1. For the pair ASN225 and ASP22, how long in nm is the line joining their label points, each one 7 Å along Cα→Cβ?
2. For a quick protection proxy, order the peptides 108-118, 242-252 by their average other-Cβ count within 10 Å, most packed first.
3. What translational D, rounded to a whole number of µm²/s, comes out for the chain from Stokes-Einstein when the hydrodynamic radius is the Kirkwood one over Cα pairs, at 25 °C and 0.890 mPa s?
4. Quickly estimate the mean residue ellipticity at 222 nm for the chain, helices only: each DSSP H run with n ≥ 4 gives -39500 (n - 2.57), and the total goes over all residues, rounded to 500.
5. Highest mean first, what order results for 88-98, 17-27, 270-280 on Cβ atoms within 10 Å?
6. Leaving out ligands, DNA and RNA, what percent of the accessible area of the chain is carbon and sulfur, probe 1.4 Å?
7. Treating only the Cβ of Lys, Arg, Asp and Glu as charged (+1, +1, -1, -1), what charge dipole size does the range 145-294 show about its Cα centre? Round to the nearest 20 debye.
8. So what is the relative contact order for the chain, in percent, with contacts set as C-alpha pairs under 8 Å and at least six apart?
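The values are calculated or read from the model by the stated rules, or taken from the named source; none is laboratory data. Predicted model, so just to flag it, every value in this text is computed and none were measured. Ideal geometry is used to build each Cβ from the backbone, glycine not excepted, and the neighbour counts take in all protein chains shown. Each accessible area value is taken on the protein alone, full model and side chains, heavy atoms only, with ligands, DNA and RNA left out. Shrake-Rupley method; radii C 1.70, N 1.55, O 1.52, S 1.80 Å.
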Amino acid sequence: MEAMTKKSDPSKHVLSVDDLSDSVVSDIFARAAEFKEKGFSSSSIYSRSPGNEPVVALAFFEPSTRTKLSFDTAAQRIGAKTIGFDNPESTSSAKGEQLSDTLRVIEKYADAIVVRRKAHDTVDIIREHVTVPVISAGVGSQEHPTQGLLDVFTIQERRSLDSISHVCSYGDLINSRTMFSQVRLMLRMAKPGITFSFVADKTMQISQDFKDELEAKGATVVTTNKLGDVISDLDILHVIRPQKERWEGLELDVYSPVGDRELSKMKSDAILLHALPRTGELDPATDADPRSAIWDQVENGLYIRAALLERVLS
Ligand code: NCD
């Protein structure tokens, strides 16, 4: 009979793309591509006997559609079981329980935990208190590592990363955890000297600290409030929705949407990305353009999360 071993390895936490080395990212991409091509039955946990399947807990303190459902499906497809919640009001956190206690409870029942939460102390609390592997499903406006992974995986399905020299993020940049993960990972994986353009109103523009971080690692950074300044040179255009739930009373300007008119100015082999949900900043008519990869991103989230879960559960 297989042993019901409990995994207790905090070094397996994935709370930032920088928790994964380049070789681990390559392994995850290769495994995700294999799952995509051949299905999930080669998973190392696929044929565990009933009762011996690992358990993945989904602890979603913030709303989610794609991320939660793809983690849930991925876990089940590779042979794990899932437990969890997506309404913290139905848990003891509504009674005032501290996150550290909630997670210490969950780790008694689960072999890995997927957490989405708004507060920025979440990562430190996890690193200090939790021993089973925790995967971030997005923390506040900090990082969303699996979205970064699936974005870069989607890009490299279409083009060699060496051919990408200009990546643009457009929209509510300061509040976008998806942008921080995608850009950090692209900078590591793309060729040296890559340019990142950040197009936003000054109220939503990236911080000097983030600009310094990227430049220190060799990137060229352009900041502007006009998409027209860069659009014809882009290899990647990542459109980001106004993250109004993080505006907290601020009245920021809503920006003009990207539609076919903007696409008509872009290179023929450019790639259009959006993490979804879209709320007016990306015209659905762009879905018909072959440069749009947004539904590939949705699908690839399943394979990337399956590959990552298999890794932390093995
Ligand atoms: C993103 C998120 O939650 O940060 N959504 C997602 O995971 N697909 C982006 C967003 O909500 O705008």
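1. Here the answer is 3.9 nm between the modelled labels.
2. 108-118, 242-252
3. 122
4. -10500 deg cm²/dmol
5. For the peptides 88-98, 17-27, 270-280, the packing ranking is 270-280, 17-27, 88-98.
6. Of the solvent-accessible surface of the chain, carbon and sulfur hold 49 percent.
7. Roughly 300 debye for the range 145-294.
8. Reported as a whole number, the value is 20 percent.
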